[in-house]
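S.K.: Could you have a look at this structure, given as structure tokens, before my questions?
The values are calculated or read from the model by the stated rules, or taken from the named source; none is laboratory data. Note that this is a predicted model, so its numbers are computed, not measured. Counting neighbours? That spans all protein chains shown, and the Cβs are built from the backbone with ideal geometry, glycine included.
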Amino acid sequence: MMSEQRLSGKIQTVMGTIDPSVLGATLSHEHVLWDASFLYEEPDDKESTHEPVKIENIEWLRRHGVSSIDNLRLLDENVAIDEVLRFKRAGGGALVDMGNVGLFRDPEGLARVSRATDVHILMGSGYYVGGSHPRELAKRSHDDLVEEMVRDITVGVDGTGICAGILGEIGCSHPLKETEIKVLEAVAEAQRVTGAPVNIHPGRSQSEPMEIIDLFRGFGGDISRTAMSHLSNRHGLDVDLTLELAKTGCYIEYDSFGNYQNPIVLPEKTFFALSDWQRIECIQEFIDHGYLNQILISHDVFNKIDLHRYGGFGYDYIHETVIPMMDMNGMSEEEIHAMLVENPKRFLQFV
């Protein structure tokens, strides 16, 4: 099952390995086919929760997204193909689907979407947050989990022969659950064996991104091959926290472009989700501090209402809206190219 020689220097998509030079503009953190219904929270307005996503309830859904089962699922490949084609037409080349165990991983579905759109799609391995973990995970051994993740990457997922290209998004809660710690330790070992990149979803706390990096490094994880997600929704405008994280050498991911500005309640403080302009200003500060080569950007499409079909921004939003905003803010073409092309190309390669 050792495949370091075969994968080293390559990027692994659901259609097979490719040379990094053909990847193109890449969204580093998305969901193409997903089911996050385990996150469902029953609202006071129980009548609204059973309605399908439609234009008449989109404003309610923007504020109560987890209170609609329909909003938390996208299993229609035809819709996915239409949405990914918009990204392709805007100039996109690749995207990373962060679905793994807990978020409905569909290797064959992703392969069909990739084939129909001619967009490179990478698939995740590992486990999402503890609330989605299967009950038997607590009894499984470290070696068993490592073997599963290595098999996902080197042989294929669930007997399909379609291989994962990243360990992620590895879910963490605040505080960390025992099974999440077990998974993190196994991910570090699977990364060492395969040379795969890792993406981590931190729990809802300002301190947790750094705490997880320290823990993962203690398990032997390669921090220089690891991306920390959702930083605009964990650190907000506290840029010093993100700068401290960047000093560890990990990739810092701003993946909420286009998302609605709802309140974010963390143990340390409450703040509104950043606007896209604020995200750009934060990124500019990281560039000014010399961290351009560690920045990844994306949308994290995770609700049906994020898609054009249902009144959302879609996978082409960064190309159509954010890049012009970055240009207005004074970012150079070279800096934008680095974040969308060069950094993903380097990060997603196996070593």
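S.K.: Restricting the first residue to segment 271-297 and requiring it to be under 14 Å from residue 249 (Cα atoms) and in contact (Cβ under 8 Å) with a residue 12 or more places away in the chain, which pairs with a second residue that is among the aromatic types (Phe, Trp, Tyr) and outside any strand (DSSP E or B) meet a Cβ separation below 7 Å and a spacing of at least six or different chains?
M.R.: 295/286; 296/347
Each row is one residue, and each column tells you yes or no for (1) crowded, with 19+ Cβ neighbours inside 10 Å; (2) polar (S, T, N, Q); (3) modelled with pLDDT of 95 or more.
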site: 153; (1), (2), (3): yes, no, yes
site: 161; (1), (2), (3): no, no, yes
site: 170; (1), (2), (3): yes, no, yes
site: 180; (1), (2), (3): yes, no, yes
site: 183; (1), (2), (3): yes, no, yes
site: 199; (1), (2), (3): yes, yes, yes
site: 213; (1), (2), (3): yes, no, yes
site: 216; (1), (2), (3): yes, no, yes
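S.K.: Can you go through 105, 89 and tell me which one is at pLDDT 95 or above and surrounded by 20 or more Cβ atoms within 10 Å (Cβ to Cβ)?
M.R.: It is 105.
S.K.: While we're looking at this one, here's another question. If the requirement is being modelled with pLDDT of 95 or more, out of contact with any His (no Cβ under 7 Å at 6 or more places or on another chain), loosely packed, with under 12 Cβ neighbours inside 10 Å and of a type outside the set (Phe, Trp, Tyr), which of these qualifies: 21, 28?
M.R.: 21
S.K.: Which of the residues spanning segment 248-269 are closer than 19 Å to residue 210 by Cα and over 19 Å from the mean Cα position of the chain (by Cα)?
M.R.: Residues satisfying the conditions are 248, 265, 266, 267, 268, 269.
S.K.: Something else about it: Given the structure, is residue 65 on the phi > 0 side of the Ramachandran plot, out of contact with any helix residue (DSSP H, G or I) (no Cβ under 6 Å at 6 or more places or on another chain) and not hydrophobic (A, V, I, L, M, F, W, C)?
M.R.: So residue 65 does not fit the description; no.
S.K.: Find the residue count for segment 262-295, including only residues that are part of a loop (DSSP other than H, G, I, E, B) and either among the aromatic types (Phe, Trp, Tyr) or in contact with a strand residue (DSSP E or B) (Cβ under 6 Å, 6 or more places away or on another chain) (or both).
M.R.: Total meeting the criteria: 2.
S.K.: Could you list, ordered by first residue, the pairs with Cβ atoms under 6 Å in which the first is in segment 160-174 and in contact (Cβ under 8 Å) with a residue 40 or more places away in the chain and the second is basic (Lys, Arg) and assigned to a loop (DSSP other than H, G, I, E, B), at least 6 apart or interchain?
M.R.: 174/204
S.K.: Looking for something modelled with pLDDT of 95 or more, over 18 Å from the mean Cα position of the chain (by Cα) and over 30 Å from residue 76 (Cα atoms) - is there at least one such residue anywhere in segment 307-316?
M.R.: Checked segment 307-316: no residue is modelled with pLDDT of 95 or more, over 18 Å from the mean Cα position of the chain (by Cα) and over 30 Å from residue 76 (Cα atoms).
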